[in-house]
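Trainee: Input: one structure, supplied below.
The values are calculated or read from the model by the stated rules, or taken from the named source; none is laboratory data. Please read all numbers here as calculations on a predicted model, not as lab measurements. Here the Cβ is made from the backbone with ideal geometry for all residues, glycine too, and neighbour counts use every protein chain on show.
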Amino acid sequence: MPTLSTSERLYVRLDGDPLHGPEADTPAGTLQAFAVPAPLRAQVAHILLYRESFPEGHEVLERVLPDGAVRLVFNLGDAPSAGESIGHPVQVLGASAAPAMVRLSRKMEGLSVTLRPGAAAALLGRPAGEIAGTAVHLDELWAGHGAELLERMAEQPDDVSRVSVLCAALQRRLADGDAVVHPAAVRAAQLITTSGGRAPVREVAAAVGLGERRLQQIFQQQVGLSPRAWSRLARMRACLHALRLQRVPAWADLALDGGFYDQSHLVNEFRALCGLTPTEFLGRAISGSSKTAD
């Protein structure tokens, strides 16, 4: 029986990164971004094409740091798997605050659509809270039309045509849907992100005109995470941004500046949200420029 070799790498994408961050060791040219059409910009954050091939007998275990987003993934090649779960050809990845360990092998090719907070109900017909932390075959939400869309995309002659077919289908779903989107949840997510996760939930609730308990209810339903979990991710993303500016950080100062109680709190949050200690993260992160397209 042939031996399977495995290597591990990071995937990091922060706000403002066109494709992925300088810490990630995804090879240059494997990702391509496509413009989101104007009718979808309120619901879709970005559309990325991923294409990469691996030698027979080798797999890559990619540690994907969480951002709390809901994603649609259309696999035109072999479907990656996460943990013990086998990947679906077309699937919805629910919101999560945990790192994902994704197994990549053979021929990887697919399109990823990242939804904005609150957009799941409008585009999927089900609020984000009902699919949080899961990987669901899109046919379960689209009554069989997910596989049909993937087939039509595969028939297209080029990437631009595939994205065009995908976006047209999303626009039809948006026009035909009747889901209620709570703008307060969307606004609350924006406020938490802008504050770097430091704004207390009670203040965010007051700013959007809701009681704290009611905000927690609709936030969990619409975003797929609690306001506290979203705040934790926002603090971690702000911390990762700060680490780009100080490669030999004073950890105690970094913790306090980032809204953590102390250095121990920062270390514990790193382990929970990244699966690594801060020192391990810096040891694996690649220094140098981001592999963005020219």
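Trainee: Could you go through the range 220-241 and let me know if any residue there is under 21 Å from VAL12 (Cα atoms), surrounded by fewer than 17 Cβ atoms within 10 Å (Cβ to Cβ) and not assigned by TED's automatic domain parsing to the domain that holds LEU115.
Mentor: Yes, some residue in the range 220-241 is under 21 Å from VAL12 (Cα atoms), surrounded by fewer than 17 Cβ atoms within 10 Å (Cβ to Cβ) and not assigned by TED's automatic domain parsing to the domain that holds LEU115.
Trainee: Out of all the residues in the range 117-127, is one or more without any contact (Cβ under 8 Å) to a residue 24 or more places away in the chain and more than 17 Å from TYR50 (Cβ to Cβ)?
Mentor: Checking the range 117-127: at least one residue is without any contact (Cβ under 8 Å) to a residue 24 or more places away in the chain and more than 17 Å from TYR50 (Cβ to Cβ).
Trainee: Among the residues of the range 261-271, which ones are more than 19 Å from ASP67 (Cβ to Cβ) and part of a helix (DSSP H, G or I)?
Mentor: Once the filter is applied, which keeps residues that are more than 19 Å from ASP67 (Cβ to Cβ) and part of a helix (DSSP H, G or I), the range 261-271 yields GLN263, SER264, HIS265, VAL267, ASN268.
Trainee: Only one residue in ARG198, ARG162, ARG202 is more than 19 Å from the chain's Cα centre (by Cα), basic (Lys, Arg) and under 19 Å from ALA238 (Cα atoms). Which one?
Mentor: ARG198
Trainee: Tally the residues that are part of a loop (DSSP other than H, G, I, E, B), surrounded by 14 or more Cβ atoms within 10 Å (Cβ to Cβ) and touching a residue at least 40 places away in the same chain (Cβ under 8 Å), restricting the search to the range 242-260.
Mentor: 2
Trainee: Can I ask one more? Going residue by residue through the range 101-115, is there one that turns out to be outside any strand (DSSP E or B), in contact with a strand residue (DSSP E or B) (Cβ under 7 Å, 6 or more places away or on another chain) and at pLDDT below 95?
Mentor: Checked against the condition, which is being outside any strand (DSSP E or B), in contact with a strand residue (DSSP E or B) (Cβ under 7 Å, 6 or more places away or on another chain) and at pLDDT below 95, the range 101-115 yields no hits at all.
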